[in-house]
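Some notes on the structure that comes next.
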Amino acid sequence: MPGPSLPALFLSHGAPLFAIDAGTSGPALTRLGRQLRELAGPGLRGVVIMSPHWMARTPAVMSNPQPETWHDFGGFPPELYRLAYPAPGAPALAAEVAGLLRKQGIEAQADPKRPFDHGAWVPLMHLFPEADVPVVELALPAGWGPAQVYAMGQALQPLRERGVLLVGTGSMTHNLSEFFGGQREPAPYVVEFSRWVEDALQRGDLDALLDYRTRAPHAQRAHPSDDHFLPLFFALGAGGLRQGEPARAGYATREVMYGILAMDSFALPALEQAA
């Protein structure tokens, strides 16, 4: 008997400080993780996660059986560098990922030495704090646009029926030039951009989302570069979003941290529709 169909997730990981300054979003992800465990039961095989902090010239899949925790940032409090996320890798699942991509004409190279970058381990330490679920990272190919990244998620959809959680992680807004501006209340542009995305998502307006650079309010300010937004399209493809079909996404958090980092995270479809 096949197990329940798992949703795809988009998780905002914000700044590295999210590991120790969790706000309300960290506990929200922990609750989401518990719900996912209840849904999957013993059939939770692993996580495949796309992080913008692994960009490669061509598609690549982590095949490292025991990835190290990489503190790929500087200038933060010492306690941040003492954290580790010792989840195992999953070489067999990595081969499965590469095979599904290949079926759709996407050749992906295995990387047996890749560590966990903070785009992966920071949100996962909140989602699955026990670090007992095997994890495979998927590189974000440099120069790829929303439609191409969406197609990668589409290619891996079958894994949702095989006990695998598909995750895109980035940030709903990511203008780090404003990070040290001392903003406390959510900046209006952050809220307007985030809610535009949610509205388009819930309406199933995939065309608008793929063309967000020209259609979304404040798109350039919210994302001076699109690397932290592109993993959202991996989640949309993996979650089966289609043009004109309401998404019924289930939001875990809509918190805004430091006034400018929207921490929106959601399951697609919502958990009550996923099984």
Counting each DSSP H run of 4 or more residues in the chain as -39500 (n - 2.57), what helix-only mean residue ellipticity at 222 nm follows after dividing by all residues, to the nearest 500 deg cm²/dmol? -9500 deg cm²/dmol
Of the options Gly105, Leu39, Phe10, report the single residue whose Cα projects farthest towards the positive end of the charge dipole of the chain (beta-carbon charges: Lys, Arg +1; Asp, Glu -1). Gly105
Counting only the backbone N, which residues of the stretch 64-84 are under 16 Å from the spot 7 Å out from the Cα of Lys113 toward its beta-carbon? 64-70
What the Cα atoms of the chain span along the principal axes, largest first and in whole Å, is 48, 48, 37
Taking the Cβ of Gly204 as the centre, find all other residues whose Cβ is under 10 Å away and add up their charges (Lys, Arg: +1; Asp, Glu: -1). 0
For the stretch 1-78, what is the charge dipole size about the Cα centre, in debye to the nearest 20, if Lys and Arg each add +1 at the Cβ and Asp and Glu each add -1 at the Cβ? 240
Working out 0.36 nm times the residue gap between Gln157 and Leu176, then minus their Cα-Cα distance, what length gain in nm do you get to one decimal? 3.6 nm
The long-range amide H neighbours of Val256, using H built 1.01 Å from N in the peptide plane and a cut-off of under 5 Å, are Met263
If amide H atoms are modeled at 1.01 Å from N in the peptide plane, then the residues at a separation of 5 or more from Arg114, or on another chain, having amide H under 5 Å from its own are Ser63, Asn64
What residue among Leu159, Met125, Phe193 has its Cα farthest toward the positive end of the dipole of the stretch 118-210, where the charges are +1 on Lys, Arg and -1 on Asp, Glu, each on the Cβ? Leu159
How big is the charge dipole of the stretch 1-141 about its Cα centre, in debye rounded to the nearest 20, if each Lys and Arg gets +1 on its Cβ and each Asp and Glu gets -1 on its Cβ? 300
Using the Cα centre as the reference, give the magnitude of the dipole from point charges on the C-beta atoms of the chain (Lys, Arg: +1; Asp, Glu: -1; all else neutral), rounded to the nearest 20 debye. 400
How much length would be gained if the chain were fully extended between Thr24 and Ala56, taking 0.36 nm per residue of separation minus their Cα-Cα distance, in nm to one decimal? 8.3 nm
Read phi for every residue in the stretch 66-81 and hand back ³J(HN,Hα) as whole Hz from Karplus 6.51 cos²θ - 1.76 cosθ + 1.60, θ = phi - 60°, with x for Gly and Pro. 9, x, 7, 8, 9, 8, 8, 7, x, x, 10, x, x, 5, 5, 7
Got a number for the accessible area of His126? Probe 1.4 Å, square angstrom, nearest 10. 20
What net charge do the residues around Ser194 carry, taking every other residue with its C-beta under 9 Å from that of Ser194, with Lys and Arg at +1 and Asp and Glu at -1? -1
Can you tell which of Phe233, Phe128, Phe179 shows the greatest fluctuation in a Gaussian network model of the chain with Cα springs below 10 Å? Phe179
So, counting K/R as plus one and D/E as minus one, what does the shell of residues with Cβ under 12 Å around Ala219 add up to? 0
Which far-off residues, 5 or more places away or on another chain, put their amide H under 5 Å from the one on Gly170, with H placed in the peptide plane? Leu11, Ser12, His13
I'd like the distance separating the alpha-carbon centroids of the stretch 1-72 and the stretch 246-266, in whole Å. 16
Once the piece of chain linking Ala270 and Asp72 is laid out straight, how much longer is it, given 0.36 nm per residue of separation minus the C-alpha distance between them? 68.1 nm
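The values are calculated or read from the model by the stated rules, or taken from the named source; none is laboratory data. Source: prediction; values computed, not measured. A quick note on method: Cβ atoms are made from the backbone with ideal geometry, for glycine too, and the neighbour counts reach across all protein chains shown. All accessible areas refer to the heavy atoms of the entire protein, side chains included, with ligands and DNA or RNA removed. Shrake-Rupley method; radii C 1.70, N 1.55, O 1.52, S 1.80 Å.
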